[in-house]
Amino acid sequence: MEDIFDSSGPKLLEGIVDWKNADHRRSVTASLVQGVYVLETDRQRKMTISKNPINYAQPWWVSFNFQLHKYLTKDDGCIFGAIYEYINGKCPAPADSNVPRYVIAFRGTLILRLRDLKLNLKFFINELKESHRSQLAMRCVENSVDSNGSSNVWLAGHSMGSAIALIVGRNMMLKKNCSLEAYLFNPPYASLHMENFCTSMDEDVKHLVRTVRGIIKKALAISVEARINP
């Protein structure tokens, strides 16, 4: 079961995370994002199971010395994000390690969640920034950076959560002139295929369009990797 950390989580990293290792950082932040997914599925189970439903979410962050500081939710109680705080527990990180104080993580789409599907539609029509989730995420991250400094706050997201993290990161660059470390997993990519609308285009022009698009995507991938692992 994907919700159970002992079955699906990176158990080999428990207590031995090397925060200077980019692969370790990716694995931990991916686990924190998964924790947001499981928080929401746990909430759904509580609504449908009357007798002591099992909560599977906590091991996804406790295993790496994080505690749940706050979760981000909509008016209907749907959890779409979480703020995790690192605690120096039984395995404190060295002072010079690249450990964050806070990680703000956003989940992606859950199947059969109408609100999630509506958010996907907002993304495809380029209105995700105006959504309630994005606005709440921007306020939350801005407050965290103001209180703790940009070097102590990381962003993480999967799928649509990656898109929200990108919006938040860009907002921080524009408003605060600061760059946040971010770990984005499978960010969505929306583009209209020019060839479908311009069937009369010359083949050389079509080839040029595809080449430029590929260069842009590769440049974006390199810039993200450089930010994660300079």
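The values are calculated or read from the model by the stated rules, or taken from the named source; none is laboratory data. No experiment lies behind these values; they were computed from the predicted model shown. Here Cβ is always computed from backbone atoms with ideal geometry, including for glycine, and neighbour counts include all displayed protein chains. For the accessible areas, the whole protein counts, side chains as well, though only heavy atoms, and no ligand, DNA or RNA atoms are used. Shrake-Rupley method; radii C 1.70, N 1.55, O 1.52, S 1.80 Å.
When you scan the stretch 37-46, do you find a residue that is farther than 18 Å from Arg101 by Cα, among the aliphatic types (A, V, I, L, M) and modelled with pLDDT of 85 or more, even just one? Checked the stretch 37-46: at least one residue is farther than 18 Å from Arg101 by Cα, among the aliphatic types (A, V, I, L, M) and modelled with pLDDT of 85 or more. Note on the stretch 55-73: residues that are touching a strand residue (DSSP E or B) at 6+ places or on another chain (Cβ under 7 Å) and touching a residue at least 12 places away in the same chain (Cβ under 8 Å) total 9. Just one of (1) farther than 23 Å from Lys70 by Cα; (2) touching an Asp or Glu at 6+ places or on another chain (Cβ under 8 Å) trips up Phe123, so point out which. Unmet condition: (2).
There is no residue in the stretch 9-24 that is open to solvent by 50 Å² or more (accessible area, probe 1.4 Å), at pLDDT 90 or above and under 14 Å from His158 (Cβ atoms).
Quick one: would you say Arg133 is at pLDDT 90 or above, crowded, with 22+ Cβ neighbours inside 10 Å and within 16 Å of Thr73 (Cα to Cα)? Considered against the rule, which asks whether it is at pLDDT 90 or above, crowded, with 22+ Cβ neighbours inside 10 Å and within 16 Å of Thr73 (Cα to Cα), Arg133 comes out as yes.
Of the residues making up the stretch 27-63, those that are over 13 Å from Asp3 (Cα atoms) and open to solvent by less than 10 Å² (accessible area, probe 1.4 Å) are Val28, Thr29.
What's the total number of residues in the stretch 154-182 that are in contact with a Cys (Cβ under 9 Å, 6 or more places away or on another chain) and within 21 Å of Ser31 (Cα to Cα)?
Initial filter on the stretch 154-182 (in contact with a Cys (Cβ under 9 Å, 6 or more places away or on another chain)): 168, 172.
Adding the requirement that they be within 21 Å of Ser31 (Cα to Cα) leaves 168.
Within the stretch 154-182, residues that are in contact with a Cys (Cβ under 9 Å, 6 or more places away or on another chain) and within 21 Å of Ser31 (Cα to Cα) number 1.
Filtering the stretch 137-179 to residues that are open to solvent by 30 Å² or more (accessible area, probe 1.4 Å), within 16 Å of the chain's Cα centre (by Cα) and aliphatic (A, V, I, L, M) leaves Leu166, Ile167. I'm checking my understanding of the structure. Among residues of the stretch 64-87 that are touching a Lys or Arg at 6+ places or on another chain (Cβ under 7 Å) and aromatic (Phe, Trp, Tyr), which one is least open to solvent (accessible area, probe 1.4 Å)? This residue is Phe80.
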